[in-house]
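For reference, the structure discussed in these notes is given below.
The values are calculated or read from the model by the stated rules, or taken from the named source; none is laboratory data. In this text, all values refer to a predicted model and were calculated from it rather than measured experimentally. FYI the Cβ positions are ideal-geometry reconstructions off the backbone, even for glycines, and counts take in every protein chain you see.
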Amino acid sequence: MNKKRAWLIAAIGGSAVVVILLACAAFAALMPFSSTDSASYVYVDKDDTADSVYHKLSQTPDSRMYLARFWGNALRYSAKLHTGRYQTGKHVSAFSLMRNLRAGRQEPVNLVIPVTHTLAHMAARIAPKLQADSAALMQAFTDAGLLAELEADTATAPALFVPNTYQVYWDIEPADLLRRMKREHEAFWDEGRLALARDLKLTPYEVAVLASIVEQESANQAERPAIAGMYINRLRQGMKLQADPTVKFALGDFGLRRIMHAHLTTDSPYNTYMNEGLPPGPICIPSADAIDAVLNYDRHNYLYMCAKEDFSGTHNFAATYAEHLANARRYAEALNKRGIK
């Protein structure tokens, strides 16, 4: 065999080896990290190391850790860790997984901002979906400097939250979450809603305060514009709102079923039996429905309302105090019959 032919055979053989190696590499890159069809995730914390992340990955059902470690070493993952929530299931390849981990390309979470009584309740509800715990969230929610940056204070801060489902990253900083809520708040308050608020001679924050009372007065969405109209009539006539939910908020007793006379004298700026006008801030995080009920309130002459004696969750409305007393008497009798105190 001459040298030229030997060189050609060697070149062909070498090329074949390269092709085989490339094919193997391509196959390894495409192989899924886990054979599970369901969504699964690994959560990387601030104090994690490459080894602790590998340990977490090993908890994924049917995982191919040899591939994760191979690509982790090839990509030098230990030199570039990022916190976050990363997809490990649904046939994501081991190569893509480790590349995402190294680049910090994480999957967002669907964060539900609920209708709830206080920011402390809010923090407790959303913390399980985030890296930050409820204490860290509350520290941001009550940070005077941060709230001033967002044109709010500790009383009006609940109005920054518009209940909805938002996509955020699991490791979002609490301060950045609050800034995101401010942007969502501004998007919600479009020119149409701002114009309606101006017609009411109320700011968006004041609308949210009134909406929080409407929210707590009734879960019946069809009735809310009528309730809003009643309170707007009271505001315009300079009457105290005398809203029972503000008493519950002042007492911090949200499960209170019957407001007694002694409750009405609770010393609090939120008690609308003792103070004129709106409370200093929302008494809950109101829904978009309650806000829109205020902005699109019913025009009527009602000044009073009382829960119906049939416990349907709706109300009897009255234009005069005499009518209201008759409604209140029927409701009190119904409470007594049921032994509700």
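What's the total number of residues in the stretch 304-330 that are assigned to a loop (DSSP other than H, G, I, E, B) and touching a Lys or Arg at 6+ places or on another chain (Cβ under 6 Å)?
Selection size over the stretch 304-330: 2.
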inquiry  = Could you list, ordered by first residue, the pairs with Cβ atoms under 9 Å in which the first is in the stretch 300-328 and surrounded by 13 or more Cβ atoms within 10 Å (Cβ to Cβ) and the second is in a loop (DSSP other than H, G, I, E, B) and among the charged types (D, E, K, R), at least 6 apart or interchain?
reply    = Thr314/Lys308; His315/Lys308; Asn316/Lys308; Asn316/Glu309; Asn327/Lys308; Asn327/Glu309
task = Take Ala288 and decide whether it is crowded, with 20+ Cβ neighbours inside 10 Å and at pLDDT 95 or above.
result = no
request  = Name every residue in the stretch 61-87 that is surrounded by fewer than 14 Cβ atoms within 10 Å (Cβ to Cβ) and assigned to a loop (DSSP other than H, G, I, E, B), in order of residue number.
outcome  = Pro61, Asp62, Arg76, Lys80
note = Only one of (1) closer than 25 Å to Ala208 by Cβ; (2) surrounded by 19 or more Cβ atoms within 10 Å (Cβ to Cβ) does not apply to Thr118, and that is (2)
message = Just the residues that are assigned to a helix (DSSP H, G or I) and either closer than 24 Å to Arg257 by Cβ or of a type in the set (Val, Ile, Thr) (or both), please, taken from the stretch 218-229.
response = Gln221, Ala222, Glu223, Arg224, Ala226, Ile227, Ala228
inquiry  = Please list, ordered by residue number, the helices (runs of 4 or more DSSP H) wholly in the stretch 131-217 having 2 or more residues that are buried (at least 19 other Cβ atoms within 10 Å of the Cβ), among the hydrophobic types (A, V, I, L, M, F, W, C) and modelled with pLDDT of 95 or more.
reply    = 134-141, 174-188, 204-217
ask   = Mind checking which residues of the stretch 292-341 are over 29 Å from Arg193 (Cα atoms), of a type in the set (Phe, Trp, Tyr) and either modelled with pLDDT under 90 or touching a helix residue (DSSP H, G or I) at 6+ places or on another chain (Cβ under 7 Å) (or both)?
value = Phe311, Tyr331
ask   = When Ala250 is evaluated against the numbered criteria (1) under 15 Å from Ile213 (Cβ atoms); (2) assigned to a helix (DSSP H, G or I); (3) touching a residue at least 24 places away in the same chain (Cβ under 8 Å), which criterion, by number, is the only one it fails?
value = (3)
ask   = Hey, does the stretch 307-314 have a residue that's of a type in the set (A, V, I, L, M, F, W, C) and over 24 Å from Leu251 (Cβ atoms)?
value = no
message = If I filter the stretch 290-325 down to residues being among the polar types (S, T, N, Q) and farther than 16 Å from Glu215 by Cβ, which single residue comes out as farthest from the chain's Cα centre (by Cα)?
response = Thr320
request  = All but one of (1) touching a helix residue (DSSP H, G or I) at 6+ places or on another chain (Cβ under 6 Å); (2) hydrophobic (A, V, I, L, M, F, W, C); (3) in contact (Cβ under 8 Å) with a residue 24 or more places away in the chain hold for Val112, so report the exception by its number.
outcome  = (1)
note = Output for Cβ contacts, cut-off 9 Å, separation at least six or different chains, first residue free of Cβ contacts under 8 Å to residues at least 60 places away in the same chain in the stretch 270-297, second among the polar types (S, T, N, Q) and crowded, with 24+ Cβ neighbours inside 10 Å, reads Tyr270/Thr246; Asn271/Thr246; Thr272/Thr246; Tyr273/Thr246; Asn275/Thr246
